[in-house]
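Visitor: Structure provided below as structure tokens; questions to follow.
Quick note: the coordinates plus some simple rules give every number you see, no bench work behind them. Computed from a predicted model, the values in this text were never measured in an experiment. Using ideal geometry, Cβ is built from the backbone for each residue, glycine included, and neighbour counts are taken over all protein chains shown.
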Amino acid sequence: MMFDVLKKFIVFEGIDGTGTTTQLKRLEAHCETEHITAYFTCEPTDSEIGKLIRAILKGTIPYHAETLAYLFAADRAEHLLGNNGIINSCKNNIPVISDRYIFSSLAYQGLTCGDALVSRLNGHFPLPELLFYFSLEPETAEARIAHRDIKEIFENLSFQSKVKQKFETILAHYGNSGMNIHIIDATKHPDVIEQEIWETCQDILIH
């Protein structure tokens, strides 16, 4: 099966509480120190669609599982194709690093409304050149996010355990896709992880 891989595109993925957002911020700071131009982003985005998704995830708006899958795909399409979007940046040699992408939809929405719909909605989106998957046991991840004031609808141990299994199935599916998959041991100290990420992606960021 042939996959479209978008050069200069890097994605961080993992269950909730693995540290993807922390490491995205650290990499952004590292790039600023090194005077490297790069675009750091996340999904859901800050667009109006993304804001609606975040309200749903916080449990403040009733929703149907399939509706959320469609909203994620719509937000992602604009993220990729809109003005100053991911594809335009990458093709102009500006690296893009995103906290979450299609793999989260395949994992989370794949569990809530089935693989067929989610695959159809996301199957035409390009793969990143490099995927960092943050691996962590759900029990440890749950302990990390226990202090949060507001827990999102998917942030419970039972569901996160299923998401971890789903992510592992997804990684196996894309093993020969042409996308580079780098698995991060998220139990390591954040400083060690930061250095590992930098050493792995610096060629993409610099050249």
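Visitor: Would you calculate the separation in nanometres between label points at residue 174 and residue 37, each defined as 7 Å from the Cα along the Cα-to-beta-carbon direction?
Guide: Placing both labels 7 Å along Cα→Cβ, they lie 2.7 nm apart.
Visitor: May I pose another question? Taking the Cα centre as origin and putting +1 on Lys and Arg beta-carbons and -1 on Asp and Glu beta-carbons, what dipole magnitude results for segment 31-101, to the nearest 20 debye?
Guide: 140 debye
Visitor: When the chain is treated as a GNM, springs tying every alpha-carbon pair under 10 Å, which of 122, 83, 156 comes out with the largest mean-square fluctuation?
Guide: Highest fluctuation of the listed residues: 83.
Visitor: A further question on this structure: Size of the dipole of the chain about the Cα centre, Lys and Arg at +1 and Asp and Glu at -1 on the beta carbon, nothing else charged, in debye to 20?
Guide: 440 debye
Visitor: For the pairs 51/151; 58/162; 58/188; 8/188, note any where the Cα-Cα span goes beyond 18 Å.
Guide: From 51/151; 58/162; 58/188; 8/188, over 18 Å: 58/162; 58/188; 8/188.
Visitor: Moving on to the next point. Along the charge dipole of segment 5-206, which of 121, 42, 156 sits closest to the positive end, that is, farthest toward it, with unit charges on the beta carbon of Lys, Arg, Asp and Glu (+1, +1, -1, -1)?
Guide: Most positive-ward Cα: 121.
Visitor: Once you place label points 7 Å from the Cα toward the Cβ at residue 156 and residue 81, how far apart are they in nm?
Guide: Spacing of the two 7 Å Cα→Cβ label points: 3.6 nm.
Visitor: With each run of n ≥ 4 DSSP H residues scored as -39500 (n - 2.57), what mean residue ellipticity at 222 nm is computed for the chain after dividing by its residue count and rounding to the nearest 500 deg cm²/dmol?
Guide: For the chain, the value works out to -15000 deg cm²/dmol.
Visitor: Further, regarding this structure: Return the single residue from 17, 50, 59 with maximal mean-square fluctuation; model: Gaussian network over the chain, springs between Cα atoms under 10 Å.
Guide: Residue with maximal mean-square fluctuation among 17, 50, 59: 59.
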